[in-house]
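The structure under discussion appears below in the form of structure tokens.
None of the figures in this text is laboratory data; all of them are computed from the coordinates on show. Every value quoted in this text rests on a predicted model; they were computed, and no experiment measured them. All Cβ positions, even for glycine, are placed from backbone atoms using ideal geometry, and neighbour counts span all protein chains on display.
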Amino acid sequence: MDYSNVLVKYYMDYNWRCGRTYETLVWLDDKRPKPTLEELELKYNDLQIDEMREERNQLLRECDHCALPDFPSRELWLSYREQLRDFPSIWVEGMEFPTKPE
């Protein structure tokens, strides 16, 4: 697992040098001990959820206008938007977002 994105997001105020694995993560900071492997894995999961929500929010913004009362196929778009809003509650890593109506 590549921890570099986790380290950049959650530990950017600390001094460290990242390798490809947890064992090659060199912790150079004396303000805080090196995070455990378990801590990094939890943060990695948090990061995945944050990224999914950001993408979901962007998809919602892109179709805001489709919810207007006079938009063609409005009911299909409203259903799609509801699926997007519900998506985080069913999401697992690698899961595809709902398909946009045509």
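Considering each residue of region 28-86, count those that are within 30 Å of Val8 (Cα to Cα) and outside any helix (DSSP H, G or I), and give that number. Explain how you work it out, then say what you get.
Residues of region 28-86 within 30 Å of Val8 (Cα to Cα): 28-62, 84-86.
Subset that is outside any helix (DSSP H, G or I): 28-36.
Counting residues in region 28-86 that are within 30 Å of Val8 (Cα to Cα) and outside any helix (DSSP H, G or I) gives 9.
Within region 87-102, no residue satisfies the criterion of being assigned to a helix (DSSP H, G or I) and of a type in the set (D, E, K, R).
Under the condition of being among the aliphatic types (A, V, I, L, M) and within 17 Å of Asn5 (Cβ to Cβ), which residue from region 29-82 is farthest from the chain's Cα centre (by Cα)?
Within region 29-82, the first condition is being among the aliphatic types (A, V, I, L, M), and the residues that meet it are 37, 40, 42, 47, 49, 52, 59-60, 67-68, 76, 78.
Those left that are additionally within 17 Å of Asn5 (Cβ to Cβ): 37, 40, 42, 47, 49, 52.
Values: Leu37: 20, Leu40: 15, Leu42: 13, Leu47: 5, Ile49: 4, Met52: 4 Å.
Across region 29-82, the extreme among qualifying residues is Leu37.
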